[in-house]
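Visitor: Below is a structure I'd like to ask you about.
The values are calculated or read from the model by the stated rules, or taken from the named source; none is laboratory data. Since we're looking at a predicted model, the values are computed, not measured. Please note: Cβ atoms are built from the backbone with ideal geometry, for glycine as well, and neighbour counts cover all protein chains shown. Remember, those area values only see protein heavy atoms, side chains included, never the ligands or the DNA or RNA. Shrake-Rupley method; radii C 1.70, N 1.55, O 1.52, S 1.80 Å.
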Amino acid sequence: MSPVNSHHLAIIGGSGCYGFPELCPHSVAAINTPYGVATGIIASAEHGARRVYFLPRHGQGHTVAPHKINYRANIWALKSLGVGKILALNAVGSIHSPPGTWFLPNQIIDYTYGREHTFYDDFNQKINHIEFTEPLNIHLINTLSQVLDATSLNVIAAGVYGCTQGPRLETAAEIQRLERDGCTMVGMTLMPEAALAAELSMAYVSLCLSVNWAAGKSTAPITFDAIAACLAQEHSRLSQHWNAIISALHEAAL
Ligand code: HPA
């Protein structure tokens, strides 16, 4: 990869968030990387001298399952475009808080398996064990927390994200285990994305929306109609704040 100025921002959209035509109107051609082609269309908009790119993690038509996402290609492509900060949007099930709660997790437990999860697995390459004690960037967490505190969104600026393999949801016993481990939310997409961003020295923050009680945490069944309704309502509320969020993230000192 040629050296780049890493001063652009990328938003990686998750379930229910496939683009911002008003913010990111320009398409970027499919980006080839040593790891394959990045998922979906990456669109960019100018914000002064800085750009914001948008990458729908599951593809435009939500066709790529969490365990099939080419996380390495996506992160490599963003790095090659000069992205230094990433805001990831992730849908989660919550263990203690009702659906409709937003989280800025500060910790991760990775329960995934079999995913291509590192750029450092070439026998001809020097081994690199990246530091990952604080997997999510605290400066970006604090920045987002300040912006979102001024809104009517219900935001908890901490939490432990348990990343499961999917695509099925968990059993009640699996959620009890995650709870004993200290997880406060469960999702399928934060890993290896966060670690790959760290391997390429990109500042990474995740804004999670709880769209359901995690399995066994409510007597009501988990339905996809209820999840879709929650995603639509909360993303529409969030969308009123995109300009403030993007400006604050661009300005945030690391
Ligand atoms: N489990 C895992 N991933 C999820 C969930 C869940 O309950 N809800 C949204 N993404």
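Visitor: When you go through 141, 130 one by one, which is the residue that is of a type in the set (Val, Ile, Thr), away from the ligand (no atom under 16 Å from the Cβ) and buried (at least 18 other Cβ atoms within 10 Å of the Cβ)?
Guide: 141
Visitor: Go through (1) modelled with pLDDT of 95 or more; (2) within 25 Å of residue 149 (Cα to Cα) and name the single condition residue 193 misses.
Guide: With respect to (1) modelled with pLDDT of 95 or more; (2) within 25 Å of residue 149 (Cα to Cα), residue 193 is out only on (2).
Visitor: Answer with yes or no whether residue 116 is closer than 25 Å to residue 147 by Cβ, touching a residue at least 12 places away in the same chain (Cβ under 8 Å) and acidic (Asp, Glu).
Guide: no
Visitor: For segment 187-205, give me the residue count where each residue is crowded, with 23+ Cβ neighbours inside 10 Å and farther than 20 Å from residue 116 by Cα.
Guide: 1
Visitor: Here's something else I'd like to know. Taking segment 144-154, which residues are in contact with a strand residue (DSSP E or B) (Cβ under 7 Å, 6 or more places away or on another chain), open to solvent by less than 30 Å² (accessible area, probe 1.4 Å) and outside any helix (DSSP H, G or I)?
Guide: Answer for segment 144-154, where residues must be in contact with a strand residue (DSSP E or B) (Cβ under 7 Å, 6 or more places away or on another chain), open to solvent by less than 30 Å² (accessible area, probe 1.4 Å) and outside any helix (DSSP H, G or I): just 153.
Visitor: Related question: Filter segment 65-98 down to residues that are assigned to a loop (DSSP other than H, G, I, E, B) and among the aliphatic types (A, V, I, L, M) and give me whichever is nearest to residue 7 (Cα to Cα).
Guide: The residue in question is 81.
Visitor: Counting only residues that are in contact with a Ser or Thr (Cβ under 8 Å, 6 or more places away or on another chain) and either within 30 Å of residue 147 (Cβ to Cβ) or in a strand (DSSP E or B) (or both), how many does segment 99-111 have?
Guide: 7
Visitor: How many residues, within segment 169-186, are within 16 Å of the ligand (Cβ to nearest atom) and either crowded, with 22+ Cβ neighbours inside 10 Å or not in a helix (DSSP H, G or I) (or both)?
Guide: 9
Visitor: Check 65, 49, 77 and return the single one that is farther than 30 Å from residue 230 by Cα, small (Gly, Ala, Ser) and open to solvent by 20 Å² or more (accessible area, probe 1.4 Å).
Guide: Within the list 65, 49, 77, the selection yields 49.
Visitor: I'm checking my understanding of the structure. Among residues of segment 213-252 that are within 19 Å of the chain's Cα centre (by Cα) and closer than 21 Å to residue 107 by Cβ, which one is surrounded by the most Cβ atoms within 10 Å (Cβ to Cβ)?
Guide: Residue satisfying both the conditions and the ranking: 214.
Okay, residues lined up against (1) among the polar types (S, T, N, Q); (2) at pLDDT 95 or above; (3) farther than 18 Å from residue 104 by Cα:
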residue	(1), (2), (3)
165	yes, yes, yes
172	no, yes, yes
187	no, yes, no
209	no, yes, no
254	no, no, no
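Visitor: What pairs come out if I take residues in segment 131-142 that are farther than 16 Å from residue 190 by Cβ and pair them with residues that are loosely packed, with under 12 Cβ neighbours inside 10 Å whose C-beta lies under 8 Å away, six or more apart or interchain?
Guide: From residues that are farther than 16 Å from residue 190 by Cβ, the pairs are 139/253; 139/254.
Visitor: While we're here: Just wondering, is there one or more residues in segment 155-168 that are within 14 Å of the ligand (Cβ to nearest atom), touching a Ser or Thr at 6+ places or on another chain (Cβ under 9 Å) and part of a helix (DSSP H, G or I)?
Guide: The answer is no; no qualifying residue exists.
Visitor: So, residue 234, is that one among the charged types (D, E, K, R) and within 14 Å of the ligand (Cβ to nearest atom) or not?
Guide: Values: among the charged types (D, E, K, R): yes; within 14 Å of the ligand (Cβ to nearest atom): yes.
Judged against the criteria, residue 234 is a match.
Visitor: Which of the residues spanning segment 80-107 are within 16 Å of the ligand (Cβ to nearest atom) and open to solvent by 10 Å² or more (accessible area, probe 1.4 Å)? I'd like the intermediate steps shown before the answer.
Guide: Applying the first criterion (within 16 Å of the ligand (Cβ to nearest atom)) to segment 80-107 yields 88-103, 105.
If the condition is that a residue be within 16 Å of the ligand (Cβ to nearest atom) and open to solvent by 10 Å² or more (accessible area, probe 1.4 Å), then 91, 96, 97, 98, 99, 100 are the ones that fit.
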